[in-house]
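**Q** One structure, as structure tokens, below. Some questions next.
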């Protein structure tokens with residue numbers, strides 16, 4: 001009988017903790033919400049889909065660039081990554097991945113404009129008419145101009 | 001997902017951990033042994049790819065498989081030799097009925113964490129720009145010294161962090177699936193089982209359940225049960241080191257002291273700056289030996305061991321692998337504060353730790369009310385009960401080391417920033433606070449109150465009343481409420497009454 005009384009007491013305590021106040025909010029938002037998404041997630045087990053929803057804009061940016069390089073069979077590209085300042089100035093919310101993360105996402109090399117190897121970059125991404133454009137860098141003058149653009153936003 | 005690969009890893013984690021516990025002659029209850037074996041088994045595996053790389057052996061599924069099998073056999077030689085003398089495991093005790101509401105909630109929380117850990121890829125920037133990238137290209141190129149070092153690494157130093165996460169990621173990517181990560185769930189589940197069992201040793205299961213719930217429901221800490229990083233693991237091993245030191249302080253068995261040193265070594269392997277905190281623990285170690293009336297030479301020798309074992313783990317990464325294997329330069333001296341005479345950084349950091357992280361506006365959003373509960377309990381214990389037992393005192397020392405040590409690390413090493421490294425460094429306090437709760441006189445009194453009510457023997461039925469009922473002569477020894485299944489608590493309670 002005492003076991004049952006304690007069981008009822010434990011139920012009430014846990015119910016109170018898991019449904020009211022701070023812990024109730026946490027339990028609902030961080031734990032139970034997982035199960036709300038559960039059925040849709042089990043329907044979408046595709047690895048690249050899971051990567052895309054987790055890594056968001058930076059990943060889409062990187063895979064877009066990869067697709068261009070692969071489709072156009074461009075060998076050994078070195079991408080000059082646009083700076084955060086440049087992205088903000090052009091009203092883009094996408095956070096461009098840093099070179100090591102870009103390499104992890106795509107397997108392609110990239111550099112930031114601050115890096116000494118930026119002078120060797122032969123491609124970059126610019127925003128034109130609110131769209132990304134992958135642009136080849138053909139001359140040192142072009143490269144310096146783009147570096148200047150990324151520097152000042 | 002390769003389920004057989006996962007099962008293979010789970011079994012070998014357990015066997016390796018079990019073997020190591022046997023080598024140190026650690027004997028505990030089955031729940032403790034199983035959960036601790038899993039925890040230790042995970043960290044042991046994190047050395048294997050590094051070991052292969054030391055000998056320039058290609059890191060492939062086959063080589064890692066052989067490394068795992070070799071480690072399992074080597075660590076279990078003692079178990080195999082003594083196989084016949086192994087005791088039968090104790091009978092498993094099912095939880096009381098009233099533990100189930102808590103266990104169900106706990107299970108829901110754990111399942112949510114494990115699912116997220118499984119479903120989503122590694123997320124933290126510190127992982128993607130370091131250990132995760134290193135692991136991914138190791139799997140592709142079969143060496144830790146792979147093409148990520150050809151990339152512009154100016155924006156990060158995460159590739160230089162210890163290989164604990166990268167190595168486990170490599171193993172889980174090779175044997176389970178490409179996101180790895182599930183080793184974190186193994187650690188998390190084993191750890192929660194262990195701490196719950198630890199609390200139940202001294203507290204009523206309902207009190208233990210509430211305490212563990214408050215511990216697990218710290219939002220920031222919970223997030224790192226499914227987002228791989230170093231801090232949750234570091235917290236576990238820092239705690240485990242203190243736990244075995246407490247056992248040593250109680251039993252004076254040297255094997256427990258050595259095992260404690262090893263666990264602190266694992267904590268250092270995961271986060272090398274733990275060594276500084278261990279340096280700050282030396283006064284406690286020396287004091288414990290001094291109270292034991294050990295000769296001075298022995299005190300010095302054992303204190304040196306306490307630091308040398310963790311230092312060994314620091315040394316193999318920082319002074320051997322980084323220096324002689326890594327293709328990029330790294331110097332510890334460059335990481336140290338150049339203006340050591342300016343102590344203002346320490347005091348500013350210490351102030352911020354209190355006013356912003358621990359007791360600030362956002363602290364409940366980060367850590368819930370766990371810290372407030374602990375401070376309240378401690379205040380009641382000190383003001384009303386005016387006593388803290390030896391275990392509690394050691395735990396409080398460990399908490400103070402983190403409390404002072406983190407601002408000190410911020411002063412010593414400028415890259416130890418506030419909102420990331422310090423915020424997560426605090427985690428190390430929490431399991432110590434949780435374990436303190438089982439020593440809290442206030443909680444013990446509440447616990448004892450529930451237990452004595454639960455297992456109370458009935459008062460003798462008065463003779464008059466019995467006569468009225470027509471049952472004379474059988475009243476003296478009759479009990480009103482006999483516990484259905486007193487279990488350990490009942491036994492403990494009955495012993496106490498004797």
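**Q** Can you confirm whether residue A:92 is more than 10 Å from chain B (Cβ to nearest Cβ), at pLDDT 90 or above, surrounded by 15 or more Cβ atoms within 10 Å (Cβ to Cβ) and touching a strand residue (DSSP E or B) at 6+ places or on another chain (Cβ under 8 Å)? Steps first, answer last, please.
**A** Values: more than 10 Å from chain B (Cβ to nearest Cβ): yes; at pLDDT 90 or above: no; surrounded by 15 or more Cβ atoms within 10 Å (Cβ to Cβ): yes; touching a strand residue (DSSP E or B) at 6+ places or on another chain (Cβ under 8 Å): yes.
For residue A:92, the condition - more than 10 Å from chain B (Cβ to nearest Cβ), at pLDDT 90 or above, surrounded by 15 or more Cβ atoms within 10 Å (Cβ to Cβ) and touching a strand residue (DSSP E or B) at 6+ places or on another chain (Cβ under 8 Å) - is not met.
**Q** Can you tell me which condition residue B:72 does not meet? The list is (1) part of a helix (DSSP H, G or I); (2) surrounded by fewer than 16 Cβ atoms within 10 Å (Cβ to Cβ); (3) away from chain A (no Cβ under 14 Å), and all the others hold.
**A** (2)
**Q** Further question: Would you point out which residue out of A:129, A:117, A:122 is at pLDDT below 90, in contact with a strand residue (DSSP E or B) (Cβ under 7 Å, 6 or more places away or on another chain) and surrounded by fewer than 18 Cβ atoms within 10 Å (Cβ to Cβ)? It would help to see each step written out before you state the result.
**A** On the way: A:129 fails: in contact with a strand residue (DSSP E or B) (Cβ under 7 Å, 6 or more places away or on another chain); A:122 fails: at pLDDT below 90.
Sole residue among the options that is at pLDDT below 90, in contact with a strand residue (DSSP E or B) (Cβ under 7 Å, 6 or more places away or on another chain) and surrounded by fewer than 18 Cβ atoms within 10 Å (Cβ to Cβ): A:117.
**Q** Identify, from the list B:156, B:138, B:162, the residue that is within 13 Å of chain A (Cβ to nearest Cβ), buried (at least 20 other Cβ atoms within 10 Å of the Cβ) and not in a helix (DSSP H, G or I). Full working, then the answer.
**A** Values: B:138 fails: not in a helix (DSSP H, G or I); B:162 fails: within 13 Å of chain A (Cβ to nearest Cβ).
The unique qualifying residue is B:156.
**Q** Pull up segment B:78-100, narrow it to residues that are closer than 26 Å to residue B:19 by Cα and in a helix (DSSP H, G or I), then point me to the one that is farthest from the other protein chains (Cβ to nearest Cβ).
**A** The residue in question is B:81.
**Q** Sticking with this structure for a sec: So which strands (runs of 3 or more DSSP E) stay within segment A:80-153 end to end and still have 3 or more residues that are within 21 Å of the chain's Cα centre (by Cα) and closer than 30 Å to residue B:166 by Cβ? Step through it out loud before you land on a result.
**A** Values: elements: A:109-112, A:123-128, A:131-136.
In segment A:80-153, the matching strands (runs of 3 or more DSSP E) lie at A:109-112.
**Q** Looking at segment B:357-368, which of its residues are surrounded by 17 or more Cβ atoms within 10 Å (Cβ to Cβ) and in contact (Cβ under 8 Å) with a residue 24 or more places away in the chain?
**A** Step one: list which residues in segment B:357-368 are surrounded by 17 or more Cβ atoms within 10 Å (Cβ to Cβ), which gives B:357-358, B:363, B:366-368.
B:357, B:358, B:366, B:367, B:368 - these are the residues of segment B:357-368 that are surrounded by 17 or more Cβ atoms within 10 Å (Cβ to Cβ) and in contact (Cβ under 8 Å) with a residue 24 or more places away in the chain.
**Q** For segment A:41-61, give me each residue that is in a helix (DSSP H, G or I) and more than 11 Å from chain B (Cβ to nearest Cβ). I'd like the intermediate steps shown before the answer.
**A** Within segment A:41-61, the subset in a helix (DSSP H, G or I) is A:41-43, A:47-61.
Passing the criteria: A:43, A:57, A:60, A:61.
**Q** Let me ask you something else. Please count how many residues of segment B:400-428 are closer than 30 Å to residue B:250 by Cα and either surrounded by 19 or more Cβ atoms within 10 Å (Cβ to Cβ) or without any contact (Cβ under 8 Å) to a residue 24 or more places away in the chain (or both). Lay out the reasoning, then the answer.
**A** To start, the set of residues in segment B:400-428 that are closer than 30 Å to residue B:250 by Cα comprises B:400-406, B:425-428.
So of that shortlist, the ones also either surrounded by 19 or more Cβ atoms within 10 Å (Cβ to Cβ) or without any contact (Cβ under 8 Å) to a residue 24 or more places away in the chain (or both) come out as B:400-402, B:405-406, B:425-428.
Total meeting the criteria: 9.
**Q** For segment B:383-399, how many residues meet the condition of being under 18 Å from residue B:244 (Cα atoms) and either part of a helix (DSSP H, G or I) or without any contact (Cβ under 8 Å) to a residue 24 or more places away in the chain (or both)? Working first, answer last.
**A** Step one: filter segment B:383-399 for residues under 18 Å from residue B:244 (Cα atoms), giving B:389-399.
Those still in the list that are either part of a helix (DSSP H, G or I) or without any contact (Cβ under 8 Å) to a residue 24 or more places away in the chain (or both) too: B:390-399.
So the answer is 10.
**Q** Please specify each residue of segment A:33-59 satisfying the condition of being closer than 30 Å to residue B:97 by Cβ and surrounded by 15 or more Cβ atoms within 10 Å (Cβ to Cβ).
**A** Of everything in segment A:33-59, just one residue is closer than 30 Å to residue B:97 by Cβ and surrounded by 15 or more Cβ atoms within 10 Å (Cβ to Cβ), namely A:34.
**Q** Has segment B:105-124 got at least one residue that is facing another protein chain (nearest Cβ under 9 Å), at pLDDT below 95 and assigned to a helix (DSSP H, G or I)?
**A** No, because not a single residue in segment B:105-124 is facing another protein chain (nearest Cβ under 9 Å), at pLDDT below 95 and assigned to a helix (DSSP H, G or I).
The values are calculated or read from the model by the stated rules, or taken from the named source; none is laboratory data. Here the structure is a predicted model, which is why all the values come from computation and not from measurement. Cβ: placed from backbone, ideal geometry, glycine included. Neighbour counts: every protein chain shown.
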